[in-house]
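I am attaching a structure below and will ask some questions about it afterwards.
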Amino acid sequence: MDRVFINHRSFGCDKNIQIYIDAVRNFSIDTCECKVEFDKTILEAKVSQYYTSKEDFACFVQAALTTLIVRDYYSYPPMIKTVALFDEYVGPWLAFMEETTFLKDLHRAFVDFDVPRVYEESDFDDPTYMTKLQLHLGENVYPMINAMRLEYCTQDGLSLYQG
């Protein structure tokens with residue numbers, strides 16, 4: 001997960017953030033649309049092969065997307081260096097995580113890293129801040145995503161992930 005990135009901060013704003021959150025919240029293989037119906041058949045077959053269920057796949061996608069989006073904001077401290085900016089851009093995502101049962105632990109892991117405080121303690125030095133963030137993610141966030149992967153993936157899925 002530490003090598004996968006989503007650049008949400010370039011597109012997310014107060015006018016569309018709820019659209020993104022609702023799309024992640026309502027993600028489901030059953031409701032997805034494909035231009036060619038056979039593509040959906042292939043998608044469902046691959047999900048069945050690599051995940052324990054369509055529901056588990058949806059949970060994993062929701063957790064991974066939310067984690068990547070919040071990490072994207074955390075990784076650019078000038079955009080969220082004040083409490084007001086943090087609340088504006090990250091607050092809605094953290095609220096979504098807090099209200100979603102299987103994301104509560106991830107929510108706590110992110111909230112435990114107080115971005116404005118850590119950035120100030122780093123004397124607003126981006127490399128120092130990023131070192132602290134990477135350490136926190138590696139110790140607290142990525143292990144949760146890996147645990148979900150182990151829980152939600154079939155042996156085929158785990159083999160594919162591990163190469």
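Which pairs turn up if I take residues in the range 33-58 that are within 18 Å of Gln155 (Cα to Cα) and look for partners that are part of a helix (DSSP H, G or I) and among the small types (Gly, Ala, Ser) with beta carbon separation below 8 Å, at least 6 apart in sequence or on another chain?
Within 8 Å, the pairs are Gln49/Gly157; Tyr50/Gly157; Tyr51/Gly157; Lys54/Ser48.
I would also like to ask the following. Which ones in the range 44-72 are surrounded by 18 or more Cβ atoms within 10 Å (Cβ to Cβ), among the polar types (S, T, N, Q) and under 13 Å from Arg149 (Cα atoms)?
Answer for the range 44-72, where residues must be surrounded by 18 or more Cβ atoms within 10 Å (Cβ to Cβ), among the polar types (S, T, N, Q) and under 13 Å from Arg149 (Cα atoms): just Gln62.
If you check every pair at least six apart or on different chains, which have Cβ atoms under 8 Å apart with a residue in the range 86-101 that is touching a residue at least 12 places away in the same chain (Cβ under 8 Å) and assigned to a helix (DSSP H, G or I) first and a residue that is acidic (Asp, Glu) and surrounded by fewer than 15 Cβ atoms within 10 Å (Cβ to Cβ) second?
These pairs meet every condition: Glu88/Asp14.
Can you tell me which residue within the range 139-163, out of those that are over 17 Å from Leu68 (Cα atoms) and of a type in the set (A, V, I, L, M), is modelled with the lowest pLDDT? Can you show your working first?
To start, the set of residues in the range 139-163 that are over 17 Å from Leu68 (Cα atoms) comprises 150-163.
So of that shortlist, the ones also of a type in the set (A, V, I, L, M) come out as 150, 158, 160.
Details: Leu150: 93, Leu158: 86, Leu160: 75.
The qualifying residue modelled with the lowest pLDDT is Leu160.
Here is a yes/no grid of residues against (1) over 23 Å from Cys32 (Cα atoms); (2) surrounded by fewer than 17 Cβ atoms within 10 Å (Cβ to Cβ); (3) modelled with pLDDT under 95; (4) out of contact with any Asp or Glu (no Cβ under 6 Å at 6 or more places or on another chain):
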{"position": "Ala84", "(1), (2), (3), (4)": "yes, yes, yes, yes"}
{"position": "Val90", "(1), (2), (3), (4)": "yes, no, yes, yes"}
{"position": "Trp93", "(1), (2), (3), (4)": "no, no, no, yes"}
{"position": "Arg108", "(1), (2), (3), (4)": "yes, yes, no, yes"}
{"position": "Val115", "(1), (2), (3), (4)": "yes, no, yes, yes"}
{"position": "Tyr119", "(1), (2), (3), (4)": "yes, no, yes, yes"}
{"position": "Ser122", "(1), (2), (3), (4)": "yes, no, yes, yes"}
{"position": "Leu137", "(1), (2), (3), (4)": "yes, no, no, yes"}
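Give Phe113, Phe124 a once-over and let me know the one that is in contact (Cβ under 8 Å) with a residue 24 or more places away in the chain, within 17 Å of the chain's Cα centre (by Cα) and outside any helix (DSSP H, G or I). I'd like the intermediate steps shown before the answer.
Details: Phe124 fails: within 17 Å of the chain's Cα centre (by Cα).
Checking each option against the conditions leaves just Phe113.
Here is a further query. Has the range 140-152 got any residue that is of a type in the set (S, T, N, Q) and loosely packed, with under 14 Cβ neighbours inside 10 Å?
Checked against the condition, which is being of a type in the set (S, T, N, Q) and loosely packed, with under 14 Cβ neighbours inside 10 Å, the range 140-152 yields at least one hit.
So which residues in the range 17-41 are out of contact with any Pro (no Cβ under 8 Å at 6 or more places or on another chain), over 17 Å from Ala58 (Cα atoms) and at pLDDT 90 or above?
First, pick out the residues of the range 17-41 that are out of contact with any Pro (no Cβ under 8 Å at 6 or more places or on another chain): 19-20, 22-41.
Checking the rest, the ones that are also over 17 Å from Ala58 (Cα atoms) come to 19, 35-39.
Ile19 - this is the single residue of the range 17-41 that is out of contact with any Pro (no Cβ under 8 Å at 6 or more places or on another chain), over 17 Å from Ala58 (Cα atoms) and at pLDDT 90 or above.
Does the range 59-69 contain any residue that is at pLDDT below 90, closer than 30 Å to Glu121 by Cα and out of contact with any helix residue (DSSP H, G or I) (no Cβ under 6 Å at 6 or more places or on another chain)?
The first filter runs over the range 59-69 and keeps only residues at pLDDT below 90, leaving none.
No; the residues of the range 59-69 include none that is at pLDDT below 90, closer than 30 Å to Glu121 by Cα and out of contact with any helix residue (DSSP H, G or I) (no Cβ under 6 Å at 6 or more places or on another chain).
Restricting to the range 1-37, name every residue that is of a type in the set (Val, Ile, Thr) and assigned to a loop (DSSP other than H, G, I, E, B). Break it down into steps so the answer makes sense when it comes.
Within the range 1-37, the first condition is being of a type in the set (Val, Ile, Thr), and the residues that meet it are 4, 6, 17, 19, 21, 24, 29, 31, 36.
Val4, Ile6, Ile29, Thr31, Val36 - these are the residues of the range 1-37 that are of a type in the set (Val, Ile, Thr) and assigned to a loop (DSSP other than H, G, I, E, B).
Identify the single condition in (1) surrounded by 13 or more Cβ atoms within 10 Å (Cβ to Cβ); (2) closer than 28 Å to Val47 by Cβ that Lys104 does not satisfy, given that it satisfies every other one.
(1)
The values are calculated or read from the model by the stated rules, or taken from the named source; none is laboratory data. What you see is a predicted model, and the numbers here were worked out from it, not measured in a lab. Note that we place each Cβ from the backbone using ideal geometry, even for glycine, and neighbour counts take in every protein chain shown.
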